[in-house]
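One structure is given here, and the rest of the page talks about it.
The values are calculated or read from the model by the stated rules, or taken from the named source; none is laboratory data. Note that the structure is a prediction, hence the values are computed from the model and not measured. Every residue, glycine as well, gets a Cβ built from its backbone with ideal geometry; the counts of neighbours run over all protein chains shown.
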Amino acid sequence: MEIKTFGVVGAGQMGAGIAQVAAVSGLNVIMHDIDEQLVQKGFKNITRLLEKSVDKGKMSPGDKDAALARIKATTRLQDMEAADYVVEAASERQDIKFAIFRDLDSFCPAHAILASNTSSIPIGRIAAQTKRQDKVAGMHFMNPVPVMKLVEVIRGLATSDDTFRATWDLALRFGKTPAEANDYPGFISNRVLMPMINEAIYCLYHGVGTREDIDTVMKLGMNHPMGPLALADLIGLDTCLAIMETLYHGFSDSKYRPCPLLRRYVETGWLGRKTGRGFYEYS
């Protein structure tokens, strides 16, 4: 199947980033969100990042304008009827994703592949909301999408070989390096990463070290580019909590129990960089 038109549901940081790399690769892009203000904010962020690429000499002004012209912003999910491939990049909430996939299944043409950028929710569970389970896969991009090279490609139990190959090839077209993961909660990336972040939060909770010392140990001692608490703030503490809860309930294993301090921060509205306060303060 030739993919000419690529849909993205969600125009936030992840969705806009996915729309950007798709448009730069030459695909026509339909970028959707539920509110016109959110869609326009996503489009402005793409414009800003492409202008930075022009300023750095990584892209010509003509290529920037051409990429932006390939993006159609919309608040009508029905517009995905023109898409050959759609990636959902909405909030990490099962109820939201389920509703989106039920709607996409009814709006999109029969040949269209539906993928989720979920960080942790099993793809089979999402695919079961549709009548095309063989055409559903996971396409998990890393943040920030235009910079990070990895795309985790998740094969659900019913995902066909053609769907998996189309997803893999699409990641390559976007200039990414795909890695295959089977369909378990958290896949590979967050099954390894999130328990480490959660344990760092436990260290802060138990007074083992300050936030700065915990991050310094992991940066300088383990050669991580960013400490786990700063990384949690970048990801979003609400997203970290949602992933930990998916792992905890998915495996029924106490080692995945979210730290009470993480839950308290989320309940207080301290979600990280996006709210100006998480484990660190941001102006």
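Tabulated data for the structure shown
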quantity: Filter result (surrounded by 14 or more Cβ atoms within 10 Å (Cβ to Cβ), more than 19 Å from the chain's Cα centre (by Cα) and of a type in the set (S, T, N, Q)) within region 41-72; calculated: 47, 53
quantity: Lone qualifier among 96, 34 - being surrounded by fewer than 24 Cβ atoms within 10 Å (Cβ to Cβ), of a type in the set (Val, Ile, Thr), assigned to a loop (DSSP other than H, G, I, E, B) and under 18 Å from the mean Cα position of the chain (by Cα); calculated: 34
quantity: Filter pass, residue 138 being crowded, with 22+ Cβ neighbours inside 10 Å, in contact with a Gly (Cβ under 8 Å, 6 or more places away or on another chain) and either farther than 20 Å from residue 32 by Cβ or in contact (Cβ under 8 Å) with a residue 60 or more places away in the chain (or both); calculated: no
quantity: Positions within region 74-89 being surrounded by fewer than 22 Cβ atoms within 10 Å (Cβ to Cβ), in contact with a helix residue (DSSP H, G or I) (Cβ under 8 Å, 6 or more places away or on another chain) and not in a helix (DSSP H, G or I), in sequence order; calculated: 74, 75
quantity: Residue match in region 180-190 (condition: under 23 Å from residue 144 (Cα atoms), among the hydroxyl-bearing types (Ser, Thr, Tyr) and crowded, with 19+ Cβ neighbours inside 10 Å); calculated: no
quantity: Selection from region 248-258 of residues that are within 22 Å of the chain's Cα centre (by Cα) and either of a type in the set (Ser, Thr, Tyr) or within 22 Å of residue 270 (Cα to Cα) (or both); calculated: 248, 256, 258
quantity: Residue within region 144-154 that is in a helix (DSSP H, G or I) and either surrounded by fewer than 16 Cβ atoms within 10 Å (Cβ to Cβ) or among the aromatic types (Phe, Trp, Tyr) (or both) present; calculated: no
quantity: Subset of region 1-31 (residues that are crowded, with 20+ Cβ neighbours inside 10 Å, part of a loop (DSSP other than H, G, I, E, B) and within 19 Å of the chain's Cα centre (by Cα)); calculated: 10, 11
quantity: Where a residue in region 199-214 is of a type in the set (D, E, K, R) and its partner, wherever it lies, is buried (at least 19 other Cβ atoms within 10 Å of the Cβ) and part of a helix (DSSP H, G or I), with Cβ under 7 Å and at least six apart; calculated: 211/204; 211/229
quantity: Filter result for the condition that a residue is under 21 Å from residue 148 (Cβ atoms), among the charged types (D, E, K, R) and either assigned by TED's automatic domain parsing to the domain that holds residue 113 or at pLDDT below 95 (or both), over 238, 169, 233, 215; calculated: 169
